[in-house]
Amino acid sequence: ATDESNLIISSAITTAKNYGKEFPKNLNIHILNQIPLGRGLGSSGAAIVGGVLLANQVLNLNLSEDEILNQIVQIEGHPDNVTTSLKGGVLSCCAVTDSNGTKSYKYTKLKLHPSIKPVVISPTNFKLSTKEARMALPTSITIQQAVFNMQRLGFLLNGLESGSKDLIRVGIQDCLHQPYRAKLIPGFQQILELNNKDISGLLGLCLSGAGPTVLALTSGDSTAVVKEVQRIFSENGIETTVLLTEIDTEGATVTVL
C-alpha cells in the first residue's frame, strides 16, 4: 500500500504534520522490504524510522538526532525497536525525565563478541500479532521475578561481550515474558529447553521480539541448532525459514542519488 495504511507513509505524514508541513502526495516511492512482517523481527520499527527519515529528507526539516529519536519513539510508543533500527548494533535504551519534567530518550551501544552469529528461525505459516503477544503478559510482576531477570542481566552482557556460552546460558534465562508467550506458540517451550542441552554451536535461544520467530545465538557451525529448532516446530505443524544474519552496526542511512 502507498497510502496511510502503509506505516512508512503514515510515519512520514505524521512527522510532516508535527513540524507544520504537508507531506507531498505526488511522490513516486519505491519500497524494498526484506524484513518478514508479523514475525517479531522489528519490521514496524524499521518502517517508522524509514518514514521519519523520508519526511526529514523530502521536506528539508534538518532534524537533529534527538529530534529524530523523539519523533520515532512518539510514533512507536516505546524506544526499543525503533532506536535499534535507527542506530544499529546491539543497544539498550530508555526514557529519562529531567528536573523540569521533560522526557527524552537515551541509548548506549553494547559490545558483541565477533564470534557470535545470530540465526533467525522464522515460522512461515504461523503468525502472532504484537497485540496478542502483549495481552498474554501479566499487568504486574513480583519482586522475585524482577530480581530473577536483573540478576541475570550482568551475565548476559558479559556473555555477549566475551562470547562465553556459560555466561550467555545463564543470562538468557527469563521469567518476565517468554513463559507467558510460550503458551501461544506451539513447540516454543520445547525449544527453550534446548538451552539446557549441549548442542554443537549453540550459545543460547530466545524469542525474537514478541515472537513467534526464534533467535539463536550461535558460534561456529549452526547446522545442529537449526535442525533441532526446525524439528520441534515441524512436529507442531509449523513450517519455517532460516535467515543467517549479520549484526548491522551502521543503522539507518540516507543516500541522495
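Quick notes on this one:
- Across the stretch 124-242, C-alpha contacts under 8 Å between residues 6 or more apart give a mean separation that, scaled by the residue count, equals a relative contact order of 26 percent.
- These residues, F233, F126, F155, go from largest to smallest accessible area, 1.4 Å probe, as F155, F126, F233.
- Axis of helix 65-76 versus longest Cα principal axis of the chain: the two differ by about 70°, to the nearest ten degrees.
- When the surface is traced with a 1.4 Å probe over the full set of protein chains, M135 keeps roughly 140 Å² accessible.
- Listed peptides 244-254, 222-232, 41-51 by packing density, highest first (mean Cβ within 10 Å): 41-51, 222-232, 244-254
- The chain - mean residue ellipticity at 222 nm from DSSP helices (-39,500 (n - 2.57) per run, n ≥ 4, rounded to 500): -12000 deg cm²/dmol
- Summed side-chain charge close to V90 - residues other than V90 whose Cβ falls under 11 Å, Lys, Arg +1, Asp, Glu -1: +1
- Proximal charge balance of L128 [Cβ under 9 Å; K/R count +1, D/E count -1]: +2
- The residues packed around G251, meaning those with a beta-carbon under 12 Å from its beta-carbon, carry a net charge of -1 if Lys and Arg are +1 and Asp and Glu are -1.
- Alpha-carbon centroids, the stretch 167-200 and the stretch 6-43: separation in whole Å: 34
- Given K106/K131; K106/K165; K17/K103; K87/K127, the pairs whose alpha carbons are separated by over 23 Å: K106/K131; K106/K165; K87/K127
- Taking the average, over residues, of other Cβ atoms within 10 Å as the packing measure, peptides 200-213, 91-104 rank 200-213, 91-104 from highest down.
The values are calculated or read from the model by the stated rules, or taken from the named source; none is laboratory data. Here the structure is a predicted model, which means the values were calculated and not measured. Backbone-built Cβ (ideal geometry, glycine too); neighbour counts: all protein chains shown. Each accessible area value is taken on the protein alone, full model and side chains, heavy atoms only, with ligands, DNA and RNA left out. Shrake-Rupley method; radii C 1.70, N 1.55, O 1.52, S 1.80 Å.
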